[in-house]
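Asker: Can you read through this structure? Questions will come right after.
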Amino acid sequence: MAIIVRGGRVFIGFLRIIDQFGNVVLHNAVERIHVAKKFCDVPQGILLIRGENITIIGELNPEINIDEKLERVSEEEIYKLQQEQTASRKELAKKRAELFAIRGLGFPDFLDIIDDT
């Protein structure tokens, strides 16, 4: 099963339990982190995900090999790439807010949302 939760995190594992509230337990779960065309699977073990946090849930096709389209990298490298991507997004949001302010337009502060990742 693949599960995308609020905030965009992706978890993959074997579905063991689902209850009437939509809570899910995954066995041998990993968190799949994507940055551009690179990814890494970070082991999580047994994982309980509350139903209120699930945005998308679906079954993976075992015939599709993700390694053909994306490059697998180490945890250290993906965390570094993720940090660089977050920093560039923050800088872009800051520049966008400055440009809107120059033109006298209000612009919501999305930096708090970006920090939530």
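Read the figures in this text as sums done on the coordinates, not as results from a lab. Being a predicted model, the structure only gives us computed values, none of them experimental. Positions of Cβ are generated from backbone atoms using ideal geometry, with glycine treated the same way; all protein chains shown enter the neighbour counts.
Asker: For the stretch 1-71, what mean projected area does the convex hull of the alpha carbons give, in nm²? Present the calculation step by step, with values, prior to reporting the outcome.
Answerer: Numbers: hull surface 19.2 nm².
Quarter of the Cα hull surface area: 4.8 nm².
Asker: Right, next: Using a simple charge model, +1 on the beta-carbon of Lys and Arg, -1 on the beta-carbon of Asp and Glu, nothing else, what dipole does the stretch 1-71 show about its Cα centre, in debye to the nearest 20? Show your work: numbers first, answer last.
Answerer: Values: 8 positive and 9 negative charges, 52 e Å.
My answer is approximately 260 debye.
Asker: Another question, if that's okay. Can you give me the relative contact order of the chain as a percent, contacts being Cα pairs under 8 Å and 6 or more apart? Present the calculation step by step, with values, prior to reporting the outcome.
Answerer: Details: 166 pairs, mean separation 25.4, N = 117.
Relative contact order of the chain: 22 percent.
Asker: Top mean-square fluctuation among Val30, Val42, Val73, Gaussian network model of the chain, C-alpha springs under 10 Å?
Answerer: Top of the fluctuation ranking is Val73.
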